[in-house]
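Participant: Mind having a look at this structure? Questions to follow.
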Amino acid sequence: MFAREVVAAENADRPAGDLPWLLFLQGGPGMASPRPHGRDSWLDRALADYRVLLLDQRGTGRSAPANRLTLAGLGGPERQARYLTHFRADAIVADAELIRKRLTGGRPWSVLGQSFGGFCAVRYLSAAPEGLAEVLITGGLPGLSTTADDVYRATYPITEAKNLAHYDRYPGDADQARAIARHLASHEVALPSGQPLTVRAFQSLGHALGMSTGSDDLHYLLTEAFDGDELSDQFRYQVQARLSFAPGPLYAVLHEACYAQRTATRWAAERVLAEFGAFSAEAAADGDGPVLFTGECIYPWMLAEDPVLRPLADAAEILAGYEDWPGLYDPARLAANEVPAAAAIYYDDMYVPQQFSVATAAGIGGLRRWVTSEYEHDGLRVSGGAVLDALIGRVRGTW
């Protein structure tokens, strides 16, 4: 396990017990912790009060990696899948507790969980509240008994609304997206990596529509798609960067598993997609409505087509059918919670539906919720410390 300590220069010489620790649990799953460029964004606010620990959760960053290269040494897909069952929130919290006991001398620490990091924080409150001084969660209160199917039935309509808002902002993108989809339907197009660029792969560019600049970024990408009658190199290279899972293969392999509790997910996003025909590739290429981009969804074809995921496709298939996932949250213990806690719930969140988060907030004793439409899912990062400051104020009773 690897973790990076970040401390303000003016506090570097303060005794270890004099400045409290704040563990940051990043979103994902399967993504490395932030690589800071100084006191930017939320980190500037955090460093005023804490020593910050940026943990590369197991399998990510500089922690022992889990990817197509390292997992190949374990043997066949069954052994790989069995190994990968140990990379969810429960294991991450167990790692954090081992680190805390060594680093703080046994004193509890504060935790800030963003998105999936919030899932981990709720697991922490369920499994080891004695290790926590306070908990801050941004865009990451999971439904305590919500299944992956429930999540996608909630998020497909939210994603459709984000699509329509995008086309309202950029009306010309409707014709451009349709032209690209029809081109892909009638031509074989490959990305520079050799990965096929199909209509459904093109649609998956909507993943970022729930972020603060996601609509703008998609617009700029679409406007530069063609050189004459062909898709431009610039477009194909930019699309490849957005679609490749090379920075975080565990995100694809374990994304649905992060919701699983005593049941198999069985490619929930793919199954539920059939209930929302407007998102189909056929509708995108031949329908009369606007091309609908999909959101935070992992489909089995992604593991078959992405070169960094293809060697893990069989293991991922086994995980999709795995039924012995343990429970992650303890409703009774959460109801009796005494750890000071606060959560920012983004009303228009495309990734963690607010209706599930609001219900969970009501089920955690003493948690102070802040439901806001001022920010999108990346509010922690783009608010310049305002979101973190609001949560700190709430747990301390000064807001």
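Every read-out reported here was derived from the displayed coordinates using simple, explicitly stated rules and does not represent laboratory data. Being a predicted model, the structure only gives us computed values, none of them experimental. We place every Cβ from the backbone using ideal geometry, glycine too, and count neighbours over all the protein chains shown.
Participant: Cβ under 10 Å from residue 103's Cβ, residue 103 left aside: what net charge do those residues give with Lys, Arg +1 and Asp, Glu -1?
Facilitator: Spelling it out: positives minus negatives among the neighbours equals +4.
Participant: Same structure again: Per residue and in Å³, how big is the convex hull formed by the alpha-carbon atoms of the range 148-320? Write out the running numbers ahead of the final one.
Facilitator: Numbers: hull volume 19.2 nm³, N = 173.
Normalising the Cα hull of the range 148-320 by residue number yields 111 Å³.
Participant: Still on this structure: In debye to the nearest 20, how big a dipole does the range 148-320 give about its Cα centre with +1 on each Lys and Arg Cβ and -1 on each Asp and Glu Cβ? Could the numbers behind the result be given before it?
Facilitator: Details: 12 positive and 25 negative charges, 99 e Å.
Here the size comes out at about 480 debye.
Participant: Using the Cβ atoms and a cut-off under 12 Å, what net charge is assigned to the surroundings of residue 39, where Lys and Arg are +1 and Asp and Glu are -1? Display every interim value, and only then the final one.
Facilitator: Working: positive: 45; negative: 10, 40, 44.
Summing Lys and Arg as +1 and Asp and Glu as -1 gives -2.
Participant: How big is Rg to Rh over the chain, alpha-carbon atoms, Rh as the Kirkwood inverse-mean-distance radius? Mind showing how you got there, number by number?
Facilitator: Numbers: Rg = 21.3 Å, Rh = 21.9 Å.
Using Cα coordinates only, the ratio equals 0.97.
Participant: For residue 212 and residue 301 in one chain, what is 0.36 nm times their gap in residues minus the Cα-Cα distance, to one decimal in nm?
Facilitator: Working: separation 89, 0.36 × 89 = 32.04 nm, distance 2.81 nm.
Full extension of this stretch gives 29.2 nm more.
Participant: With everything on Cα atoms, drop me the angle between helix 116-127 and the longest principal axis of the chain, reported from 0 to 90° to the nearest 10.
Facilitator: Between helix and principal axis, roughly 40 degrees.
Participant: If you average 1/r over all unlike Cα pairs in the range 156-248 and invert the result, what Kirkwood radius do you get in angstrom? Present the calculation step by step, with values, prior to reporting the outcome.
Facilitator: Numbers: mean 1/r = 0.0732 Å⁻¹.
Roughly 13.7 Å, rounded to one decimal.
Participant: Also: In degrees, nearest 10, range 0 to 90: what is the angle between the Cα axis of helix 354-363 and the longest Cα principal axis of the chain?
Facilitator: Here the helix axis deviates by roughly 20 degrees.
Participant: Could you size up the charge dipole of the range 84-188 around its Cα centre, putting +1 on the beta carbon of Lys and Arg and -1 on that of Asp and Glu, and report it in debye to the nearest 20?
Facilitator: On the way: 11 positive and 12 negative charges, 64 e Å.
Computed about the Cα centre, the dipole is about 300 debye.
Participant: Right, something else. What ratio of Cα Rg to 2.2 N^0.38 Å holds for the range 280-328?
Facilitator: Working: Rg = 15.3 Å, N = 49, 2.2 N^0.38 = 9.7 Å.
Against the empirical 2.2 N^0.38 Å value, I get 1.58 for the range 280-328.
Participant: Hey, with R₀ at 30 Å, roughly what FRET efficiency would residue 286 and residue 169 work out to, going by the Cβ-Cβ distance, to 0.05? Don't jump to the answer; show the numbers that get you there.
Facilitator: Working: r = 25 Å, r/R0 = 0.84.
Efficiency, rounded to the nearest 0.05: 0.75.
Participant: Quick one: which of 53-60, 345-352, 333-340 comes out on top by average Cβ neighbours within 10 Å, and what's the full order, highest first?
Facilitator: Details: 53-60: 23.8, 345-352: 22.2, 333-340: 16.0.
Top of the packing list down: 53-60, 345-352, 333-340.
Participant: Also, I was wondering about something else. Ordered by residue, what ³J(HN,Hα) values in Hz, to whole numbers, does the range 183-188 give under the Karplus form 6.51 cos²θ - 1.76 cosθ + 1.60, where θ = phi - 60° and Gly and Pro are x?
Facilitator: 5, 5, 5, 10, 9, 8
Participant: Find how many whole Å separate the alpha carbon centroid of the range 327-366 from the alpha carbon centroid of the range 142-165.
Facilitator: Distance between centres, Cα-based: 17 Å.
Participant: Using only Cα atoms, find the angle between the long axis of helix 233-243 and the longest principal axis of the chain, and express it within 0 to 90 degrees, rounded to the nearest 10.
Facilitator: 40
Participant: Between the range 370-387 and the range 167-237, how far is it from one alpha carbon centroid to the other, in angstrom?
Facilitator: Rounded to whole Å, the Cα centres lie 28 Å apart.
Participant: Express in % the proportion of alpha carbon pairs of the range 40-138 at distances exceeding 20 Å.
Facilitator: Numbers: 2199 of 4851 pairs.
That tail contains 45 percent of the Cα-Cα pairs.
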